[in-house]
Amino acid sequence: MDEIAQRAGISKPMLYLYFDSKEGLWRSCVAAARGRLFGSIDGAVDSSARPDVQLWQGVQAFFAFVEEQRDSWAVLDETRAGPLSDELAEVRRQVARGVSGLLRDAAAAEGADAAALQGTDPLARTLVGAGESLANWWLEDGEMSRDAVALLLMNFAWLGFGDLVRGKRWRPGG
């Protein structure tokens, strides 16, 4: 808190007046990062586009956010454990709800059965987790372009999802 106050050009008591505690300061950082993430995605997605195009636009916006706002991504990523893990879980739930809606719309447009439509929520959560993991791998590896890593996730998600809504299933033993 001393270093933050010094860098901000204010006294430590003034910093505590604004944020009440270290946790309050961290909570504010998480809220700001969440706002930037959702602003990036919302600003990039054309709600009148087909669901696959909307997902693609959202995936591209997510990776642009990770690349261009690494500090904000680090705040969200580091919050997985600790006192603010509930806030990050809510960010994941919000993103997953949006993705689930896109998947549900796409599945319905393909004439999917009720089981496929019910499966969109867990698949959306899976996609969100895969995106987070892929983003962290990409930041460590640094070899792929942003567009290439976004396309990798999109193909992994959409091509697999496409087979599911068409009734194709993998089963053990054949």
Task: Residue check, Val45 surrounded by 18 or more Cβ atoms within 10 Å (Cβ to Cβ) and farther than 21 Å from Arg125 by Cβ - done: no
TODO: Being within 30 Å of Trp73 (Cα to Cα) and either open to solvent by less than 50 Å² (accessible area, probe 1.4 Å) or in contact (Cβ under 8 Å) with a residue 60 or more places away in the chain (or both) narrows it down to one of Asn136, Asn155, so name that one.
DONE: Asn136
Open item on the list: So, Asp141, is that one in contact (Cβ under 8 Å) with a residue 40 or more places away in the chain and open to solvent by 60 Å² or more (accessible area, probe 1.4 Å) or not?
Closed with: no
Task: Sole residue being surrounded by 16 or more Cβ atoms within 10 Å (Cβ to Cβ) and assigned to a helix (DSSP H, G or I), chosen from Ala33, Ala108 - done: Ala33
Task: Residue satisfying condition, being surrounded by 15 or more Cβ atoms within 10 Å (Cβ to Cβ) and either free of Cβ contacts under 8 Å to residues at least 12 places away in the same chain or closer than 22 Å to Ser47 by Cα (or both), within set Ala89, Ala96 - done: Ala96
Task: Every residue from the range 44-77 that is in a loop (DSSP other than H, G, I, E, B) and either among the aliphatic types (A, V, I, L, M) or closer than 19 Å to Glu90 by Cα (or both) - done: Val45, Ala49
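Listed here are the residues, each with its yes/no results for (1) within 26 Å of Pro51 (Cα to Cα); (2) touching a Cys at 6+ places or on another chain (Cβ under 9 Å).
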residue: Glu67; (1), (2): yes, no
residue: Val75; (1), (2): no, yes
residue: Asp86; (1), (2): no, no
residue: Arg92; (1), (2): yes, no
residue: Gly98; (1), (2): yes, no
residue: Gly101; (1), (2): yes, no
residue: Arg104; (1), (2): yes, no
residue: Ala108; (1), (2): yes, no
residue: Gly111; (1), (2): yes, no
Open item on the list: Which residue is farthest from Glu132 (Cα to Cα), if the candidates are limited to the range 4-26 and must be touching a Pro at 6+ places or on another chain (Cβ under 9 Å) and open to solvent by 40 Å² or more (accessible area, probe 1.4 Å)?
Closed with: Glu23
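The values are calculated or read from the model by the stated rules, or taken from the named source; none is laboratory data. Only a predicted model underlies this, so the values are computations on that prediction, with no experimental measurement involved. Positions of Cβ are generated from backbone atoms using ideal geometry, with glycine treated the same way; all protein chains shown enter the neighbour counts. Just so you know, the surface numbers come from the protein's heavy atoms only, side chains and all, with ligands and any DNA or RNA stripped out. Shrake-Rupley method; radii C 1.70, N 1.55, O 1.52, S 1.80 Å.
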